[in-house]
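Chemist: One structure, as structure tokens, below. Some questions next.
The values are calculated or read from the model by the stated rules, or taken from the named source; none is laboratory data. Nothing here was measured: the structure is a model prediction, and the numbers come from that model. Here the Cβ is made from the backbone with ideal geometry for all residues, glycine too, and neighbour counts use every protein chain on show. Only protein heavy atoms, including side chains, enter the accessible area calculation; ligands, DNA and RNA are left aside. Shrake-Rupley method; radii C 1.70, N 1.55, O 1.52, S 1.80 Å.
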Amino acid sequence: NIGRAAFFPTIEVSGTTDMFVHHNVVSNARQFLDAEDSPATVYYNLRVYNNTVHHPGVMSGRGIFYGIDGGVQGGRNTDFFNNIFSVGGTSRFVEIYDNVSPAAFPIVLNFNNYFVASGAPSWVRNGSVSMSLASWRQATGQESSSSDVDPQFQNMSGTFNSVTDFRLAAGSPAR
């Protein structure tokens with residue numbers, strides 16, 4: 001059940017129930033997932049699994065944006081697992097706002113990989129910025145099994161004219 005979803009270049013989640021966003025390969029997108037909308041919109045059971053998001057430069061948006069800054073958090077029972085984010089320069093991977101009632105609106109992030117070829121990554125929770133995966137873990141209590149290593153793609157051309165586009169090399173630590 002999808003309220004609005006499109007690659008323009010963002011998947012936007014709004015007013016959905018039991019939505020799965022999985023097994024997507026997204027290249028050169030400004031942002032991957034936008035799960036934020038008006039305080040009146042609520043979505044339940046959003047599952048984001050096994051996606052690969054790559055940008056050769058700086059992702060000007062956020063990899064994942066979740067919640068409304070200072071507003072009513074729209075999502076309930078949300079999981080982000082086993083996704084790979086790979087960017088060329090300084091980028092914000094995740095920005096979440098669960099400051100209204102995190103216990104009532106649980107979000108779980110784990111087994112994700114965040115890689116920046118050069119520059120600084122960042123994650124944001126309720127307006128507070130973390131500049132490393134370790135500080136993000138400490139701030140959120142999330143991502144205990146996530147990593148920040150080079151996923152070692154076989155081919156990152158983004159042209160999708162090869163069967164090896166964004167496949168992981170045999171020895172990849174992201175496997």
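Chemist: So residue 47 fits all but one of (1) at pLDDT 80 or above; (2) out of contact with any Asp or Glu (no Cβ under 7 Å at 6 or more places or on another chain); (3) open to solvent by 20 Å² or more (accessible area, probe 1.4 Å); (4) part of a strand (DSSP E or B); what number is the exception?
Modeler: Failing condition for residue 47: (2).
Chemist: With respect to residue 91, determine if the residue is open to solvent by less than 20 Å² (accessible area, probe 1.4 Å) and modelled with pLDDT under 85. Step through it out loud before you land on a result.
Modeler: On the way: open to solvent by less than 20 Å² (accessible area, probe 1.4 Å): yes; modelled with pLDDT under 85: yes.
Considered against the rule, which asks whether it is open to solvent by less than 20 Å² (accessible area, probe 1.4 Å) and modelled with pLDDT under 85, residue 91 comes out as yes.
Chemist: Can you tell me which residue within the stretch 105-131, out of those that are part of a loop (DSSP other than H, G, I, E, B) and open to solvent by less than 30 Å² (accessible area, probe 1.4 Å), is farthest from residue 81 (Cα to Cα)?
Modeler: Filtering the stretch 105-131 down to residues part of a loop (DSSP other than H, G, I, E, B) leaves 105-106, 111-112, 117-120, 126-127, 131.
Next cut, open to solvent by less than 30 Å² (accessible area, probe 1.4 Å) only: 105, 112.
Working: 105: 17, 112: 6 Å.
My answer is 105.
Chemist: Sticking with this structure for a sec: Quick check on residue 134: is it modelled with pLDDT of 80 or more and surrounded by fewer than 22 Cβ atoms within 10 Å (Cβ to Cβ)? Before the answer, list the steps.
Modeler: Details: modelled with pLDDT of 80 or more: yes; surrounded by fewer than 22 Cβ atoms within 10 Å (Cβ to Cβ): yes.
When the stated conditions are applied, residue 134 passes them.
Chemist: Which ones in the stretch 141-172 are closer than 28 Å to residue 96 by Cβ, in contact with an Asp or Glu (Cβ under 9 Å, 6 or more places away or on another chain) and free of Cβ contacts under 8 Å to residues at least 60 places away in the same chain?
Modeler: Across the stretch 141-172, the qualifying residue is only 172.
Chemist: Count, please, the residues in the stretch 137-167 that happen to be loosely packed, with under 12 Cβ neighbours inside 10 Å and touching a helix residue (DSSP H, G or I) at 6+ places or on another chain (Cβ under 7 Å).
Modeler: Residues in the stretch 137-167 being loosely packed, with under 12 Cβ neighbours inside 10 Å and touching a helix residue (DSSP H, G or I) at 6+ places or on another chain (Cβ under 7 Å): 1 in total.
Chemist: Can you confirm whether residue 145 is over 20 Å from residue 32 (Cβ atoms) and at pLDDT 90 or above? Spell out the reasoning first.
Modeler: On the way: over 20 Å from residue 32 (Cβ atoms): yes; at pLDDT 90 or above: yes.
So residue 145 fits the description; yes.
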